[in-house]
């Protein structure tokens with residue numbers, strides 16, 4: 001099985017072809033990490049590139065991510081068996097007072113597609129709950145989303161609470177959402193800002209030196 | 001009529017300055033139809049005045065309208081469409097349970113009877129009052145096709161439906177358009193309505209949510225039918241559309257949309273919008289709601305922005321109307337800033 005078959009299936013969002021390609025590759029003895037890296041992750045990287053270029057939009061990203069997830073579901077037990085860990089762990093959520101989840105969900109999909117383990121703590125998450133999630137999950141990255149100008153201060157509060165809990169240095173903090181800007185990220189001393197799901201995936205890798 | 005209403009309406013329907021023999025309604029019509037209005041029409045939050053009567057206000061006042069719902073933040077309820085909603089405490093709630101994520105269920109799905117004639121006749125006293133005061137009357141679209149589909153299917157299923165359930169998507173669009181057209185016809189029968197307004201957001205911060213080709217293939221034909229129904233009933237079609245929608249404005253113009261109402265014009269730039277589309281569609285804009293509420297904006301920034309917008313748009317013998325965001329508390333826009341914006345627009349075309 002040529003990995004390009006799986007790669008193409010994911011890019012065009014063909015879930016059945018992705019599943020059958022992954023099964024066939026594993027059946028032929030291809031190492032699961034090769035299928036993951038050369039088939040699924042490489043394909044989602046291409047999806048992100050096309051999204052940034054304006055060739056793909058949200059529907060194409062979502063349908064590719066569905067295909068990717070179907071492939072990962074097959075690989076997951078094999079990867080665990082082989083002792084292969086995700087490239088990093090991310091806790092992600094929408095800040096207090098904000099129930100919007102679309103942007104956050106897209107970022108989570110792209111992070112999964114880049115090989116991260118994603119712990120999605122949901123929407124309208126209090127600063128204390130974010131701190132608790134960081135203490136319990138010990139992620140390398142924390143993603144904070146805010147769609148509303150009125151809820152952006154929630155990200156500031158999370159960073160303050162991380163400082164108060166003396167765990168700020170244990171985790172890189174990324175922020176994003178419609179009204180959020182690089183200037184705002186700098187102002188609240190976040191480590192990274194991303195304007196969309198594709199650049200969030202790149203920024204996550206950059207922050208972790210991957 | 002509810003006894004509290006006259007006092008409330010008195011302020012809302014207060015006449016706005018107009019030349020002798022002319023009404024607010026005529027000024028708005030002239031702006032929309034590029035027919036040399038004597039000033040820029042406006043809809044500012046009270047007490048700053050409005051040329052419009054947006055019947056959505058009456059909807060809130062009509063006793064027994066709408067289904068009862070809990071008011072506590074975080075509480076859940078199911079609306080008339082069978083969509084599970086969580087109360088946000090703002091002007092909108094958050095859909096969490098979607099009855100048509102699988103569109104094969106469409107054949108057995110019961111649509112709410114929104115085109116029941118009784119719903120419309122209840123508005124008549126308010127429409128008559130607004131007409132007597134010379135206002136331009138706008139009937140709301142309570143369906144909001146794209147937004148409704150997001151609630152019915154969920155965002156993710158709606159986005160992928162052109163790939164996964166194309167026939168079901170087309171069938172749902174047909175049925176929703178039929179329902180909206182039936183409602184427009186009912187407004188037409190009641191009379192005294194000059195514009196039909198929908199709130200359907202298609203933009204993200206930097207682009208449309210989907211390829212414009214997908215919009216054209218699946219959605220545009222239904223919108224076209226709805227716009228034609230509005231025109232057939234003597235109404236303008238007004239479309240609130242948030243986000244960066246530059247790529248679809250030509251399609252909106254092509255199907256006959258009369259007014260595009262933008263709350264985030266800075267995402268595209270007023271000058272660019274005016275250069276590309278000025279004279280072909282009327283813009284009804286707020287000072288950008290993401291930009292204007294930021295702490296760092298000075299009073300001078302707000303005044304300059306309103307002046308720039310008026311300069312950019314108000315040079316096509318019409319085609320521009322000014323607006324306040326109607327729920328300032330939802331975006332934390334202070335009364336002081338609202339006043340500055342209104343004053344700036346009055347200094348730049350809204351006064352006679």
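The values are calculated or read from the model by the stated rules, or taken from the named source; none is laboratory data. What you see is a predicted model; the values in this text were computed from it and never measured. Every residue, glycine as well, gets a Cβ built from its backbone with ideal geometry; the counts of neighbours run over all protein chains shown.
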| note | Exactly one of A:113, A:13, A:103 is in contact with a helix residue (DSSP H, G or I) (Cβ under 6 Å, 6 or more places away or on another chain) and within 14 Å of chain B (Cβ to nearest Cβ), and that one is A:13
| What are the residues in the range A:104-123 that are over 18 Å from residue A:210 (Cα atoms) and surrounded by fewer than 22 Cβ atoms within 10 Å (Cβ to Cβ), if any? | A:105, A:119, A:120, A:121, A:122, A:123
| field | Top-ranked residue in the range B:234-250 [being more than 14 Å from every other protein chain (Cβ to nearest Cβ) and crowded, with 18+ Cβ neighbours inside 10 Å; ranked as farthest from residue B:187 (Cα to Cα)] | value | B:249
| said: Quick check on my filter: what residues within the range B:115-158 are assigned to a loop (DSSP other than H, G, I, E, B) and within 14 Å of chain A (Cβ to nearest Cβ)? | reply: B:154
| Residues that are within 24 Å of residue B:258 (Cβ to Cβ) and crowded, with 19+ Cβ neighbours inside 10 Å, drawn from the range B:321-340 | B:321, B:322, B:323, B:324, B:325
| message | Just the residues that are over 15 Å from the mean Cα position of the chain (by Cα) and more than 8 Å from chain B (Cβ to nearest Cβ), please, taken from the range A:61-74. | response | A:67, A:70, A:71, A:73, A:74
| query | Can you name the condition, by its number, that residue B:333 falls short on among (1) away from chain A (no Cβ under 14 Å); (2) more than 26 Å from residue B:33 (Cα to Cα)? | reply | (1)
| task | Return only the number of the condition from (1) at positive phi; (2) surrounded by fewer than 18 Cβ atoms within 10 Å (Cβ to Cβ) that residue B:134 does not satisfy. | result | (2)
| query | Quick check, is residue A:71 touching a strand residue (DSSP E or B) at 6+ places or on another chain (Cβ under 7 Å), within 27 Å of residue B:158 (Cα to Cα), buried (at least 16 other Cβ atoms within 10 Å of the Cβ) and at pLDDT 95 or above? | reply | no
| query | Are any residues in the range A:186-206 more than 23 Å from residue A:43 (Cβ to Cβ) and crowded, with 18+ Cβ neighbours inside 10 Å, and if so, which ones? | reply | A:188, A:190, A:192, A:193
| If you go through the range B:312-322 one residue at a time, do you hit one that is away from every other protein chain (no Cβ under 14 Å), farther than 30 Å from residue B:232 by Cα and modelled with pLDDT of 95 or more? | yes
| note | Residues of the range B:77-111 being more than 14 Å from every other protein chain (Cβ to nearest Cβ) and either assigned to a loop (DSSP other than H, G, I, E, B) or modelled with pLDDT under 90 (or both), in sequence order, are B:79, B:80, B:81, B:82, B:83, B:99, B:100, B:102, B:109, B:110, B:111
| request: Sort out which residues of the range A:53-71 are over 23 Å from residue A:88 (Cα atoms) and assigned to a helix (DSSP H, G or I), and write them in order of number. | output: A:58, A:59, A:60, A:63
| Number of positions in the range B:194-206 that are surrounded by fewer than 20 Cβ atoms within 10 Å (Cβ to Cβ) and either over 27 Å from residue B:156 (Cβ atoms) or within 14 Å of chain A (Cβ to nearest Cβ) (or both) | 3
| said: I need the helices (runs of 4 or more DSSP H) fully contained in the range A:83-178, keeping only those with at least 3 residues that are farther than 20 Å from residue B:332 by Cβ and over 16 Å from the mean Cα position of the chain (by Cα). | reply: A:127-137, A:153-164
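Yes/no matrix, rows are residues, columns are (1) under 15 Å from the mean Cα position of the chain (by Cα); (2) without any contact (Cβ under 8 Å) to a residue 24 or more places away in the chain:
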site	(1), (2)
B:251	no, no
B:263	yes, no
B:269	no, yes
B:273	no, no
B:277	no, no
B:280	no, no
| field | Verdict on residue B:218 being assigned to a helix (DSSP H, G or I), more than 30 Å from residue B:10 (Cβ to Cβ), within 14 Å of another protein chain (Cβ to nearest Cβ) and within 17 Å of the chain's Cα centre (by Cα) | value | no
| message | Condition first: within 14 Å of chain B (Cβ to nearest Cβ), within 30 Å of residue B:215 (Cβ to Cβ), out of contact with any strand residue (DSSP E or B) (no Cβ under 9 Å at 6 or more places or on another chain) and assigned to a helix (DSSP H, G or I). Can you find one or more residues in the range A:36-50 that meet it? | response | yes
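For every residue, the table says whether it meets (1) over 26 Å from residue B:338 (Cβ atoms); (2) away from every other protein chain (no Cβ under 14 Å); (3) at pLDDT 95 or above.
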{"site": "B:252", "(1), (2), (3)": "yes, yes, yes"}
{"site": "B:256", "(1), (2), (3)": "yes, yes, yes"}
{"site": "B:276", "(1), (2), (3)": "yes, yes, yes"}
{"site": "B:279", "(1), (2), (3)": "yes, yes, yes"}
{"site": "B:285", "(1), (2), (3)": "no, yes, yes"}
{"site": "B:289", "(1), (2), (3)": "no, no, no"}
{"site": "B:292", "(1), (2), (3)": "no, no, no"}
| field | Selection status of residue A:146, under 24 Å from residue A:37 (Cβ atoms), crowded, with 21+ Cβ neighbours inside 10 Å, touching a strand residue (DSSP E or B) at 6+ places or on another chain (Cβ under 7 Å) and within 14 Å of chain B (Cβ to nearest Cβ) | value | no
| task | Look at the range B:159-184 and say how many of its residues are within 14 Å of chain A (Cβ to nearest Cβ), assigned to a helix (DSSP H, G or I) and in contact (Cβ under 8 Å) with a residue 60 or more places away in the chain. | result | 1
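Each row is one residue, and each column tells you yes or no for (1) under 22 Å from residue B:314 (Cα atoms); (2) over 19 Å from the mean Cα position of the chain (by Cα).
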site	(1), (2)
B:14	no, yes
B:19	yes, yes
B:26	yes, yes
B:32	yes, no
B:37	yes, yes
B:46	no, no
B:50	yes, no
B:56	no, no
B:59	no, no
